[in-house]
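Reviewing the structure listed below.
The values are calculated or read from the model by the stated rules, or taken from the named source; none is laboratory data. Here the structure is a predicted model, which means the values were calculated and not measured. Using ideal geometry, Cβ is built from the backbone for each residue, glycine included, and neighbour counts are taken over all protein chains shown.
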Amino acid sequence: MKAVILTAGKGPRLRPLPDDKPKGMVEVASKPILTHCFEQLAAIGVDAFVVVVGYRKQDIIDHCGDVFDGIPITYTHQRERSKADSPTRYSPSKITSMMISC
């Protein structure tokens, strides 16, 4: 099962926290939000992550790398700002079975 994690936006509702980092890198309980997502999704049996990046994408890619706890991570770039439900259109070739969108 794959999980699509949406991290492309600037996170304006979280301001001022994401002013110097992407919203997925904002820390909660001493860990980035993305790490919490990866941990919870791994716990329910997700075997691949597709991370939709946009704003400050390289910060996320540099931090997360290609694997989290043995689970592969691929990235897809959302070039245009749009609604939260549209990023899945950027990754249809990466989704071939059941998926969870976060």
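Among (1) crowded, with 17+ Cβ neighbours inside 10 Å; (2) of a type in the set (S, T, N, Q); (3) touching a strand residue (DSSP E or B) at 6+ places or on another chain (Cβ under 7 Å), where does THR35 come up short?
Checking THR35 against (1) crowded, with 17+ Cβ neighbours inside 10 Å; (2) of a type in the set (S, T, N, Q); (3) touching a strand residue (DSSP E or B) at 6+ places or on another chain (Cβ under 7 Å), the one that fails is (3).
Answer yes or no as to whether ASP59 is charged (D, E, K, R), modelled with pLDDT of 90 or more and in contact with a Phe, Trp or Tyr (Cβ under 9 Å, 6 or more places away or on another chain).
Values: charged (D, E, K, R): yes; modelled with pLDDT of 90 or more: yes; in contact with a Phe, Trp or Tyr (Cβ under 9 Å, 6 or more places away or on another chain): no.
No, not satisfied.
Can we say HIS63 is under 14 Å from the mean Cα position of the chain (by Cα) and either touching a residue at least 12 places away in the same chain (Cβ under 8 Å) or assigned to a strand (DSSP E or B) (or both)? Let's see the steps before the verdict.
On the way: under 14 Å from the mean Cα position of the chain (by Cα): yes; either touching a residue at least 12 places away in the same chain (Cβ under 8 Å) or assigned to a strand (DSSP E or B) (or both): yes.
Yes; evaluated as a whole, the condition is true for this residue.
Suppose we filter region 21-31 for residues that are surrounded by fewer than 20 Cβ atoms within 10 Å (Cβ to Cβ) and out of contact with any Pro (no Cβ under 7 Å at 6 or more places or on another chain); how many remain? Quick ask: steps written out before the conclusion?
Step one: of region 21-31, the residues surrounded by fewer than 20 Cβ atoms within 10 Å (Cβ to Cβ) are 21, 26-31.
Now narrow it down to the ones that are out of contact with any Pro (no Cβ under 7 Å at 6 or more places or on another chain): 21, 27-31.
Of the residues in region 21-31, 6 are surrounded by fewer than 20 Cβ atoms within 10 Å (Cβ to Cβ) and out of contact with any Pro (no Cβ under 7 Å at 6 or more places or on another chain).
I'd like to verify a number: residues in region 42-57 that are over 12 Å from the mean Cα position of the chain (by Cα) and in a helix (DSSP H, G or I), how many?
2
Answer yes or no as to whether VAL46 is more than 22 Å from ARG79 (Cα to Cα) and buried (at least 18 other Cβ atoms within 10 Å of the Cβ).
Taking the combined requirement at face value, the residue satisfies it.
Starting from residues that are modelled with pLDDT under 90 and not acidic (Asp, Glu), keep the ones in region 25-43 and report whichever is nearest to MET1 (Cα to Cα).
Residues of region 25-43 modelled with pLDDT under 90: 25-28, 33.
Retained after the next criterion (residues that are not acidic (Asp, Glu)): 25-26, 28, 33.
On the way: MET25: 24, VAL26: 26, VAL28: 26, ILE33: 21 Å.
Ranking the qualifying residues of region 25-43, first place goes to ILE33.
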